[in-house]
1. Restrict the check to region 178-188 and report whether at least one residue is within 14 Å of the ligand (Cβ to nearest atom), of a type in the set (A, V, I, L, M, F, W, C), part of a strand (DSSP E or B) and surrounded by 16 or more Cβ atoms within 10 Å (Cβ to Cβ).
2. What number of residues in region 202-240 are away from the ligand (no atom under 16 Å from the Cβ), modelled with pLDDT of 95 or more and of a type in the set (Gly, Ala, Ser)?
3. Please determine, by comparing only the residues of region 58-86 that are surrounded by fewer than 16 Cβ atoms within 10 Å (Cβ to Cβ) and of a type outside the set (Gly, Ala, Ser), which one is farthest from Val169 (Cα to Cα).
4. Does Ala256 count as within 20 Å of Leu313 (Cβ to Cβ) and surrounded by fewer than 24 Cβ atoms within 10 Å (Cβ to Cβ)?
5. Restricting attention to region 130-138, does a residue exist that is surrounded by fewer than 24 Cβ atoms within 10 Å (Cβ to Cβ) and more than 15 Å from the ligand (Cβ to nearest atom)?
6. May I ask you to list the residues in region 139-163 that are hydroxyl-bearing (Ser, Thr, Tyr) and either surrounded by fewer than 21 Cβ atoms within 10 Å (Cβ to Cβ) or assigned to a loop (DSSP other than H, G, I, E, B) (or both)?
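The values are calculated or read from the model by the stated rules, or taken from the named source; none is laboratory data. Because the structure is a prediction, the values reported are computed rather than measured. When we count neighbours, we look across all protein chains shown, and the Cβ atoms used for this are built from the backbone with ideal geometry, even at glycine.
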Amino acid sequence: MRRIHVDTPSRPYDVLVGAGLLDELGQRAREVVGQTRCCVVSETNVAPLYAERVETSLLAAGLEVAPRVTFAAGEEHKTLATLGSILDALAACELTRDDVVIALGGGVTGDMVGLAAALYLRGISVIQVPTSLLAMVDSSVGGKTAVDLPAGKNLVGAFWQPSLVVADVATLSTVPADLFRDSCGEVIKHAVLADAALLDELCEQPLSLERADERLADVVARNVTIKRDVVSADERERGLRQTLNLGHTIGHAIEAASDFSLGHGSCVSAGLCMVARASVERGWCPPEAAARIERCVAAHGLPTGSDLPVETLMDYVAHDKKRHGDGVNVVVPIEVGRCEVRRVDLDELRRLVELGR
Ligand code: GLY
């Protein structure tokens, strides 16, 4: 098992990564939160697969288990209405401030249950148990929680750090292959941000689900370490944490323009390659670096660009929630393993999109 310690100003915690950790969850939780009462909150796809194992492990470690809360799976249910129903269920279980919520599932679960934990009784402990690659390498770490509004994704949320994250890479075996491949986009993004050796390894041997627990644990742990270094230095995204948005300015526009029919990781991959090509044209990034990034993205079967018209992409960029006044902070690769945030106006961003296509 790998243990990565995260030290944010609001809370320090460990991220545990390994195969088979679900069965140790009770013991690991007890070490952190004591002999308390836990409520497993999960969704309709993941709960039948893993909730009973989690609850058995909690009971075996001497923890009390409240009635399980299950909500309908899917991004379309990441809403204020579902959040309200989770809060009602926590209240119906009479969970107190000393109790703990266990968020069992992928990114939607982690974001929404994390927000429920942040709000219920003005904040109770949450243990994140991610079961998708995206949730393991990204959303379960760093304390961002949210639900969507009709006006856009993740528009209501809070920073609420977990007390513990337990990533059992064996649960990835039940992730659909196309979703797993899509999540590789965020893994590649992390490598481009801070781990050139990882990018080359991924390029030579693309991530796969087949009999790969040890390699997956290694890659997940390296990703968590990269994210840990960023969120420990800048919990509230005032500066360094913005670099985690590499590929996202154009990627979010592609995602929204496709009406979310394209996966998030695929859109980030396309956005990453486009901003890398534009950075080469601007003289910010050597051509070899952009070529290495593109090779790795292509090796994972992910898109290296988008055919959408520049004006369509710009319409969505203009409405991005990360826009600041007339400018946008764009993250650009300087070399593989090093990126910078550059503030550009919308005209310059349009040129970057044109150059990246
Ligand atoms: N997923 C980007 C962040 O956590 O800041």
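1. no
2. Looking only at that region, the number is 2.
3. Leu80
4. Working: within 20 Å of Leu313 (Cβ to Cβ): yes; surrounded by fewer than 24 Cβ atoms within 10 Å (Cβ to Cβ): yes.
Spelling it out, Ala256 is indeed within 20 Å of Leu313 (Cβ to Cβ) and surrounded by fewer than 24 Cβ atoms within 10 Å (Cβ to Cβ).
5. Of all residues in region 130-138, those surrounded by fewer than 24 Cβ atoms within 10 Å (Cβ to Cβ) come to none.
Taking every residue of region 130-138 in turn, none turns out to be surrounded by fewer than 24 Cβ atoms within 10 Å (Cβ to Cβ) and more than 15 Å from the ligand (Cβ to nearest atom).
6. Initial filter on region 139-163 (hydroxyl-bearing (Ser, Thr, Tyr)): 139-140, 145, 163.
Residues satisfying the conditions are Ser140, Ser163.
Per-residue answers, yes or no, for (1) of a type in the set (A, V, I, L, M, F, W, C); (2) touching a Pro at 6+ places or on another chain (Cβ under 7 Å):
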{"site": "Leu59", "(1), (2)": "yes, no"}
{"site": "Gly62", "(1), (2)": "no, no"}
{"site": "Glu76", "(1), (2)": "no, no"}
{"site": "Thr82", "(1), (2)": "no, no"}
{"site": "Arg97", "(1), (2)": "no, no"}
{"site": "Val100", "(1), (2)": "yes, no"}
{"site": "Gly110", "(1), (2)": "no, yes"}
{"site": "Leu115", "(1), (2)": "yes, no"}
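Table: residues versus (1) farther than 18 Å from Asn329 by Cβ; (2) of a type in the set (Lys, Arg).
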| site | (1), (2) |
| --- | --- |
| Leu202 | yes, no |
| Gln205 | yes, no |
| Thr225 | yes, no |
| Arg228 | yes, yes |
| Arg236 | no, yes |
| Gly251 | no, no |
| Asp259 | yes, no |
| Val275 | no, no |
| Arg282 | no, yes |
